[in-house]
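The values are calculated or read from the model by the stated rules, or taken from the named source; none is laboratory data. Quick caveat, the model's predicted, so the values are computed rather than measured. Here the Cβ positions follow ideal geometry from the backbone for every residue, glycine too, while neighbour counts run over all protein chains shown. Areas reflect the complete protein model, heavy atoms only, side chains present, ligands, DNA and RNA absent. Shrake-Rupley method; radii C 1.70, N 1.55, O 1.52, S 1.80 Å.
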Amino acid sequence: MNHLYFGDCLQILKQLNHKNPDGFIDLIYIDPPFNSKRNYNVLFESIDLKDATAQKQAFADTWSNVSYIDTINELAEINKDLYTFLKTLSNIRISDSAVAYLSTMAIRILYMRKALKDTGSFYLHCDPTMSHYLKIVCDLIFGEKNFRSEIIWQRADAHNDPKNYGSIHDVILFYSKEKQFKWNHTYTPYSKSYLTSKWSTTPSGRRYKCDDMTDPRKSMKEYDFMGTVARWRTNNEKMLDLWNAEQTDVPNSHGRIKLTQNGIPRKDCKITFLEEREGIPLQDLWTDINSLRGGADERLGYPTQKPLSLLERIIKTSSSEGDLVADFFCGCGTTVAAAQKLNRNWLGVDISHLAVRLIAKRLVDTYGLNIKHNFRIDGFPQDAASARMLATENKEGRFNFQEWVIEVLLNGVVNTKKTGDGGYDGYLTFYISEKQKEFVLVEVKSGTVNVKNIREFIQVIEKQKAAIGLFVCFEDTVTKEMLKEIKQAGNYHYTGTGYESDFPKIQILTIEDLLDDRVPKIPQSNITTFRKAQQAEEPGQASLGLFD
């Protein structure tokens, strides 16, 4: 069973390492937020109300909230070199935010290495502001001898950066856990200019070129082959194999040997046909994969989304079908999507409700509802009992409960003002025209409720001029008086494009309803926060049950 985990990847890594102390992952790719002071937000629409602006900052840099001194001290117990390096940085003129970021990444990468098989590989996607520091961190964790490549990915076209060289690339650091690691050769096509200038064409239309068969080393002995004396790079027997090979229609040739006008072998004599070459071995400068432009069909609306082809290249090169691929900062799930497409098993982790929800939606949009049987989400309540546990843990737990209900179960937006919020916890929107929208306010209650709560919520709906109100609570707290009160609230009459209909003005939805995939009765809108992922031509195969 493939897995999506909601939570801090450090805690999940520790749990996974405890269960699998010898390592169990074939390939790890991570694309953590860069330490660049940017906010990685999903672009939610603001709700322009008098008393509150509900704008969810969903994917923000997290290291500034980490007590990095505690992290450095924890590293002192498990990796002295990392501790010394980070402690030194904290004592010199390196910003606290940079040290906090590196400490946050170091301890997580350390546990990622533990989770890899001995033949496993690790890819870290970063930008030039931190890549030099992260290289040292990774050298200390993996060993500098296990550094394989610094891949430069050109993610943008040339542009003008004021008083600076145009910033158009990211860095991907590639390490293996040990000396022996999985590697599948990858090739890229030849350029048209190279084919035109270096390759000839036979009368039948086959492209060919002649490879030099001489060896420049003076230690090699010369010998005469069919009238040409040279330091041939192979022995006479193998040269004869080329001479006696099946005849081709290459002009002035014998077998696979190109001849001079005098009928003797040229020094660049070995004939190779284009179809026999796989292409150019992949180099560490990648300029052939474009970043996702605004109008790209693949784009979902996630601001740091990477192209599927970028992850496909990495996964094809460093894993095989049936292997386990992991991403511990999985964002909108491009690694997960690429692994599913390429018939790999996968696991993804993200600290955001919205990211996990988006990945689940992306998989369903691509492969259909049956894909739900192919993966499991850990960290979300699966039934009313676990939902109640989340709701009653503590004050912070109640807010997590609200976010889970609004963001995960209702696909809504949380009101970030946790107290004094005017009587609502979140909202949804629907459109009555391309330029006009209405709001559905949401109130979430984790404990005992009564008819007074409903009446107060109705007042909030009227005050905020919202179209519909959704009141969410547990099933056993709903009373007859509450049901009677919402009935008396009447209906909202929708007159949108194409149809009109009545919807209950106030609706009670229970946690049990939402867990059973029952949805609120609101007008349908084609406008969503995230775009729908493209449907796959052929669904990925079922997983191999690594976590069953």
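For segment 315-337, the criterion of a residue being among the basic types (Lys, Arg) and within 21 Å of residue 446 (Cα to Cα) is satisfied by no position. Annotation note: Cβ proximity below 8 Å between a residue of segment 246-269 that is more than 18 Å from residue 225 (Cβ to Cβ) and open to solvent by 40 Å² or more (accessible area, probe 1.4 Å) and a residue that is among the basic types (Lys, Arg) and assigned to a loop (DSSP other than H, G, I, E, B) (sequence gap 6+ or interchain) occurs for 249/206.
Within segment 354-370, can you find the residues that are open to solvent by 10 Å² or more (accessible area, probe 1.4 Å) and either charged (D, E, K, R) or touching a residue at least 12 places away in the same chain (Cβ under 8 Å) (or both)? Answer for segment 354-370, where residues must be open to solvent by 10 Å² or more (accessible area, probe 1.4 Å) and either charged (D, E, K, R) or touching a residue at least 12 places away in the same chain (Cβ under 8 Å) (or both): 357, 360, 361, 362, 365, 366, 367, 368, 370. Restricting 97, 149 to those that are within 27 Å of residue 8 (Cα to Cα) and touching a residue at least 12 places away in the same chain (Cβ under 8 Å) reduces the list to 97. Checking each residue in segment 332-347 for being open to solvent by 10 Å² or more (accessible area, probe 1.4 Å) and hydrophobic (A, V, I, L, M, F, W, C) picks out 337, 342.
Please pick out the residue among 156, 100 that is open to solvent by less than 40 Å² (accessible area, probe 1.4 Å) and part of a loop (DSSP other than H, G, I, E, B). Outline the logic, then answer.
Working: 100 fails: part of a loop (DSSP other than H, G, I, E, B).
The unique qualifying residue is 156.
Taken together, 223, 187 contain a single residue that is among the hydroxyl-bearing types (Ser, Thr, Tyr) and touching a helix residue (DSSP H, G or I) at 6+ places or on another chain (Cβ under 8 Å), which is 223.
Have a look at 431, 427 and point out the one that is farther than 21 Å from residue 401 by Cβ and within 33 Å of the chain's Cα centre (by Cα).
Details: 427 fails: farther than 21 Å from residue 401 by Cβ.
Only one candidate passes the filter, namely 431.
In segment 289-337, the qualifying residues are those that are of a type in the set (Ser, Thr, Tyr) and over 15 Å from residue 126 (Cα atoms), and the one that is modelled with the lowest pLDDT is 302.
Evaluate segment 185-199: report whether one residue or more is in contact with a Phe, Trp or Tyr (Cβ under 7 Å, 6 or more places away or on another chain) and either within 26 Å of residue 292 (Cα to Cα) or not in a strand (DSSP E or B) (or both). Explain how you work it out, then say what you get.
Here is the first cut: in segment 185-199, the residues in contact with a Phe, Trp or Tyr (Cβ under 7 Å, 6 or more places away or on another chain) are 199.
Still in the list and also either within 26 Å of residue 292 (Cα to Cα) or not in a strand (DSSP E or B) (or both): 199.
Taking every residue of segment 185-199 in turn, at least one turns out to be in contact with a Phe, Trp or Tyr (Cβ under 7 Å, 6 or more places away or on another chain) and either within 26 Å of residue 292 (Cα to Cα) or not in a strand (DSSP E or B) (or both).
Screening segment 467-519 for residues that are open to solvent by 100 Å² or more (accessible area, probe 1.4 Å) and in contact with a helix residue (DSSP H, G or I) (Cβ under 6 Å, 6 or more places away or on another chain) and picking the one that is nearest to residue 380 (Cα to Cα) gives 475. Residues that are open to solvent by less than 20 Å² (accessible area, probe 1.4 Å), in contact with a strand residue (DSSP E or B) (Cβ under 9 Å, 6 or more places away or on another chain) and at pLDDT 90 or above: which helices (runs of 4 or more DSSP H) entirely in segment 1-93 hold 1 or more of them? Those helices (runs of 4 or more DSSP H) span 9-19. Among the residues of segment 311-331, those identified as among the small types (Gly, Ala, Ser) and either open to solvent by 10 Å² or more (accessible area, probe 1.4 Å) or on the phi > 0 side of the Ramachandran plot (or both) are 320, 322, 331.
Among residues of segment 187-227 being among the basic types (Lys, Arg) and within 20 Å of residue 259 (Cβ to Cβ), the one that is least open to solvent (accessible area, probe 1.4 Å) is 209. Tallying residues that are modelled with pLDDT under 85 and open to solvent by 20 Å² or more (accessible area, probe 1.4 Å) within segment 391-402 yields 8.
For segment 117-127, name all the residues that are at pLDDT 95 or above and under 17 Å from residue 31 (Cα atoms). Show your work before the answer.
Step one: filter segment 117-127 for residues at pLDDT 95 or above, giving 117-125.
Across segment 117-127, the qualifying residues are 121, 122, 123, 124, 125.
Within segment 174-186, can one find any residue that is over 15 Å from residue 118 (Cβ atoms) and loosely packed, with under 15 Cβ neighbours inside 10 Å? Yes - at least one qualifying residue is present in segment 174-186.
Of all the numbered requirements in (1) of a type outside the set (S, T, N, Q); (2) in contact with a Phe, Trp or Tyr (Cβ under 7 Å, 6 or more places away or on another chain); (3) in a loop (DSSP other than H, G, I, E, B), residue 203 misses one, and that requirement is (2).
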